[in-house]
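Heads up: the structure comes next, in structure tokens.
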Amino acid sequence: MTHSDDALLPLDAVRPPASSKDTKGAVVAAPERPVARVVVDSPLPHLDRPFDYLVPAAMHEAARPGVRVRVRFAGKLIDAFVMERVDESDHEGKLTPLERVVSPEQVLTPEIAGLARAVADRYAGTLTDVLRLAIPPRHAKAEAEVPPPADPPPADLVPAAVPSGEAAQCASPAVARAAASASPVAVQAAEPGAPAAARAAGSGVPDIVRATGNESAAVAVAQVASGAPAAIGQARDVGGSSFSGRGLEPAAPMDGRAEQDGTPRRVAARPAEAPARGRTAARPEHMNGTDTPERAAEGRKSAWDAYPTGPSFLDALRHGRAPRAVWSALPGATGWAGAMAEAVLATLDGGRGAVLVVPDGKDVALADAEFERLLGPSRHVALTADLGPAERYRRWLKVLRGQVRAVVGTRAAMFAPVAELGLVAIWDDGDDLHAERLAPYPHAREVLGLRAHRTGAAMLIGGYARTAEATQLIAARWARPIVAARTTIRSLAPRVRPAGEDAELAKDQAARQARLPSLAWRALRQGLESGPVLVQVPRRGYLPALACRHCRAPARCVLPPTRIAPHLAAPVPGGRQTAALGEAEPDAGALSTATDATGGTPEGHGSGESLCHGPLALRAGHAAPYCRWCGRVDADWRCPSCGSPRLRAVVTGARRTAEELGRAFPSVQVRTSGRDGVLAGVPATRALVVATPGAEPVAEGGYAAAVLLDGWALLGRADLRAGEETLRRWMNAAALLRPSAELVVLGDAGLPSVQALLRWDPITHAERELGDRAELGFPPAVRMATLTGSASAVRQMLDEVRLPPDAQVLGPVPVDESGLERAMIRVRRGGGAALSAALKGASGVRAARKTPDVVRVSVDPLDLI
């Protein structure tokens, strides 16, 4: 059979289809950049580095930087993220191919990847732990529902090139994905689309993060020498300065090197550049007209007009600059959410995005309502943990794809992948809810400060009170204060009256022992005549702590534990051993009483080692006491010391206080807000609102009066931040009152926290607090890390870790009765990066050895004492 040339088929028609394997079964590599560097989902510190994998030809288009993949690691299939694609690997052996691409969505943006790496180094953690906090779990259905982003912006909004290593964010998700496919994720690829002067004037020195070794920029810049009080004194001069012209400009940042005396050197900021001609900020279509709510109310009064430097701060945000400020909000029921919404609106008007982090869901609801009113519909999203996995991932994808550029949420929102970030803000940074409970335990304020430096964004730290950390930023001139005039503060602040004044004690001799003295009763009675009143109770529940009425010994559970380890369970006389649970099952009636007639432990319970010893509490007035640890009711309790069966209250909770007030004011509605249910707001009608700290609802028009009960319970805590935390909780409640409303605080008038509340002067209190900590060597004047674990493990790690030369080791000391011990390591602020690196290295060595005892490493924890 003969064939002519015309009858021959072309080679493309007979060529076999593309396959990831050749004829011998070997994997065919991708034609371009066949090596993928991935970070695997492993919490082990010694594996905290990228690994090289081969990209099969079939995955060439899908395996882009930032996508989720599955890889085979140590014989198991685990999740991973693609960090970058490169041409060749440093590994000399054969590379293992990627198993599959889970989703083509590039969930790990270049900016978030670099931020996560810096946070992990700052807190001696692993990149995987931070990514687990930053990126929510995938929800396939929600991912398919959200439409893809719109068309990319015009070419004139995207710069042609940026020098390698610049910490800048891409102008849009589409540009970010295009740039990430050709560059490492940890390095930004394009200059933002905002005016060029914004980055030049506000970013300071872009190499500051590299100069400090990925140290938190907010911490590296805010170094205070041993003479911290002298530096603090300069903050008052800064507060009175005027920010005219270019608005609120940041002070010259500091580089990573220090002078011989330890004082960080300042680096001259780059001069501001003129905006590129013809470049305008991209705005939504519905914002281009003049019929928008904010344009229609152009002449309305702004919440920032009450502050001398407030208008210049908004002007700086609107023109693309990057001011950094610590804002002391005004009292008088003026609210804070409206001012935050105005700052976010100014940032959006400048063509950039914003992130606001608040403590809890109640604050998210307040900010969400103000954002909806001021920004308009569909211009922001609220991210909280109670949304559910599907809705939370759906909203997070809207932010990732650039459909919204404003985010408000709890601490997880600090990692929101907002495109063209221009403002990071945090409200009430002293709230302990801003500290992450999962490793590596980052704090939202430090993460946002680091993110502001890396992206050249503005930062706003707001609150009614002021923390020592925020005061240090002002003392180091990293941030500027935004404070109203004293005359304005006095006109809006409540009239504070301590219950322990000599004049009141002379009128009421029993007021010294009374929980609610006559002064508080008069304030509540007079306030109820014109509106709702607030009663703040530090403890939740009914009676959360009990004691013996006869000898005053704390009431503790004398029942055996509900479950005992088999090797610790002792045989009980007269009973039989339950093998499954390892606990003794006594005969019928053996546990009818927990103590004998003398009050001692009954025979068979053995020594105190086998008892629960949990604190007893009451849920209601006619209920039997129950154990707060094991949860069992002990109606036949008797004091082990004296044998008395009678109990007395040591601490009164919010529900018991509401019950007592309900009997005292029978015609007034009593409402509670706390752990069982948090009220967002209450109407302006007569009502008694009993709330725990942080759960105070917002009253329409403000509260007519307030009483702050049990000040000793807050001030008497064994905590380094007891005074600061007490003042913060008091001022948050007092700010909800109407101007000049009466506020009664049950505390000694001579205490610094009470004095600060009387004068409404949290700034002086914070400056004094920072000076005391600098003198004693406590954070934020120094960097401190804690090691918690078994006694042998902590001591072994202390012997093996290579600490900086100036490190001071305190302890270890026992933490509690469980046998755990804790050691504290203290270094100067400049040695924080070296301390974190040393602790991370020691943790990696222990993990590589597969040491069974785990040592928890925490850098700058809140609970030092």
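Site pair THR334 and ASP816 shows an inter-label distance of 4.3 nm when each label is modelled 7 Å from Cα along Cα→Cβ. Along the stretch 671-688 the Karplus relation, 6.51 cos²θ - 1.76 cosθ + 1.60 evaluated at θ = phi - 60°, assigns HN-Hα couplings of 10, 10, 9, x, 5, 5, x, 9, 8, 7, x, 9, x, 7, 7, 5, 6, 9 Hz to successive residues, with x for each Gly and Pro. Once the C-beta distance of THR851 and TRP712 is scaled by a Förster radius of 45 Å, the resulting FRET efficiency is 0.55 to the nearest 0.05.
Taking 7 Å steps out from each Cα toward its Cβ at SER641 and ASP772 produces label points 3.0 nm apart.
Less than 5 angstrom separates the built amide H of VAL496 from those of LEU743, all sequence-distant by 5 or more or on a different chain. Once backbone amide H atoms are built at 1.01 Å from N, PHE73 has ILE78 as its partners under 5 Å, excluding neighbours fewer than 5 places away on the same chain.
Annotation: amide H of LEU383 within the under-5 Å range of VAL408, GLY409, THR410, sequence separation 5 or more or interchain, hydrogens built in the peptide plane. On the beta carbon distance between LEU433 and VAL650, with R0 = 35 Å, the FRET formula returns roughly 0.85. Per-residue extension of 0.36 nm, minus the Cα-Cα distance of ALA749 and GLU61, leaves a gain of 240.7 nm for this segment.
Derived scalar couplings between HN and Hα for the stretch 532-540 equal x, 10, 10, 10, 9, 10, x, 10, 8 Hz in order, rounded to whole Hz, by the Karplus curve 6.51 cos²θ - 1.76 cosθ + 1.60 (θ = phi - 60°), x for Gly and Pro.
What is the sum of charges around PRO739, taking Lys and Arg as +1, Asp and Glu as -1, for the other residues whose C-beta is under 14 Å from the C-beta of PRO739? Charge balance near PRO739 sits at +2. For the pair ARG138 and ASP863, the difference between a 0.36 nm per residue extended length and the Cα-Cα distance amounts to 257.7 nm.
For the residue pairs LYS141/LYS398; LYS94/LYS141; LYS76/LYS850, the alpha carbons lie more than 26 Å apart in LYS94/LYS141. Averaging Cα coordinates gives a centre for the stretch 386-458 and one for the stretch 623-679; these two points are 39 Å apart.
In this structure, GLU660 and ARG619 have a Cβ-Cβ separation that, at R0 = 25 Å, corresponds to a calculated FRET efficiency of about 0.95. A 1.4 Å probe run over the stretch 720-778, with the rest of the protein chains in place, finds 31 Å² accessible per residue.
For the pair ARG49 and ARG486, the difference between a 0.36 nm per residue extended length and the Cα-Cα distance amounts to 152.0 nm. If you roll a 1.4 angstrom probe over the protein chains with everything in place, what fraction of the accessible area of the stretch 779-865 belongs to carbon and sulfur, to the nearest %? Roughly 54 percent, rounded to a whole number.
The values are calculated or read from the model by the stated rules, or taken from the named source; none is laboratory data. Quantities reported herein were computed from a predicted structural model and do not represent experimental measurements. Here the Cβ is made from the backbone with ideal geometry for all residues, glycine too, and neighbour counts use every protein chain on show. These area figures cover heavy atoms from the full protein model, side chains too; ligands, DNA and RNA do not enter into them. Shrake-Rupley method; radii C 1.70, N 1.55, O 1.52, S 1.80 Å.
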